[in-house]
Amino acid sequence: MKKLKQIIREEIQNILSNTPTIELNTSFLQSQDDFKRGGDSGYTTWKPEFKNGLKSNQQNFKSSGRSAIPVQRIKFKIFDMEGEDIPFINIKFKKPINEIFIDLDDYDPEEFGVEDFDKFDEIVESKSNPTLQDVSELINLTNKNLSFYGCYVLNINPNEIIKISKIN
């Protein structure tokens, strides 16, 4: 019952704030055995409980020293040390843009479709935790061809998950 109340409260907050949401993806290794094949790339092995939501501290990825869940609009393909595909599990989910952070360690304005790079950098660099909402006037959120590579989220709630796919 507590989870349902939390989900309803989050949905009401999103409706009241009128914050746009976008669909994103994050990926996990299917097997612990594949972890060694992936090298030290910040990959995380899938755990069944992730289907009930995920917190950043359950990931092996960090942004500016902080636990984070790397995300982008396209599926993350996972490769081994020789460049071969590794089977993975993809989570497709929706998230309000004010909860999608720009990774200050690894972002590229071109991945956001930005024309005014200086203005984008000025906004991003002026904040300690910039979000897509901070730069929303400079990007086209509806352009499905933009990857938004260089973003992360702190959690994925169960009600935000659209689809979980096993990719071999």
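For the structure I just gave you, tell me whether L141 is under 21 Å from T19 (Cα atoms) and either open to solvent by 30 Å² or more (accessible area, probe 1.4 Å) or in contact with a Pro (Cβ under 9 Å, 6 or more places away or on another chain) (or both). Yes; evaluated as a whole, the condition is true for this residue. Does N145 satisfy the criteria of being in contact with a strand residue (DSSP E or B) (Cβ under 6 Å, 6 or more places away or on another chain) and either over 30 Å from E49 (Cβ atoms) or in contact (Cβ under 8 Å) with a residue 12 or more places away in the chain (or both)? Here the answer is no, as N145 does not meet what is asked.
Every condition in (1) more than 23 Å from N18 (Cβ to Cβ); (2) open to solvent by less than 20 Å² (accessible area, probe 1.4 Å); (3) touching a strand residue (DSSP E or B) at 6+ places or on another chain (Cβ under 6 Å) is met by Q72 except one, and the failing one is (3).
Being of a type in the set (F, W, Y), more than 14 Å from the chain's Cα centre (by Cα) and closer than 29 Å to Q32 by Cβ is the filter here; which residues of the stretch 82-119 pass it? Matches in the stretch 82-119: F88 only. Checked across the stretch 156-164, the condition of being part of a loop (DSSP other than H, G, I, E, B) and touching a helix residue (DSSP H, G or I) at 6+ places or on another chain (Cβ under 9 Å) holds for at least one residue.
In the stretch 48-65, the residue that is most open to solvent (accessible area, probe 1.4 Å) out of those that are at pLDDT 85 or above and not in a helix (DSSP H, G or I) is K55. If you check V114, V153, V124 for being under 27 Å from G53 (Cβ atoms), among the aliphatic types (A, V, I, L, M), touching a residue at least 12 places away in the same chain (Cβ under 8 Å) and open to solvent by less than 20 Å² (accessible area, probe 1.4 Å), only one passes: V153.
Residues in the stretch 98-107 that are at pLDDT below 90 and either of a type outside the set (D, E) or over 22 Å from S56 (Cα atoms) (or both): L104, Y107. Only one of the numbered conditions (1) on the phi > 0 side of the Ramachandran plot; (2) part of a strand (DSSP E or B) is violated by K94, and that is (1).
In this structure, does Y149 turn out to be under 15 Å from T26 (Cα atoms), part of a loop (DSSP other than H, G, I, E, B) and at pLDDT below 95?
Numbers: under 15 Å from T26 (Cα atoms): yes; part of a loop (DSSP other than H, G, I, E, B): yes; at pLDDT below 95: yes.
Yes; evaluated as a whole, the condition is true for this residue.
The values are calculated or read from the model by the stated rules, or taken from the named source; none is laboratory data. Model, not experiment: these values are computed from the prediction. Every residue, glycine among them, receives a Cβ derived from its backbone with ideal geometry; neighbour counts consider all protein chains shown. SASA here: full protein model, heavy atoms, side chains in, ligands and nucleic acids out. Shrake-Rupley method; radii C 1.70, N 1.55, O 1.52, S 1.80 Å.
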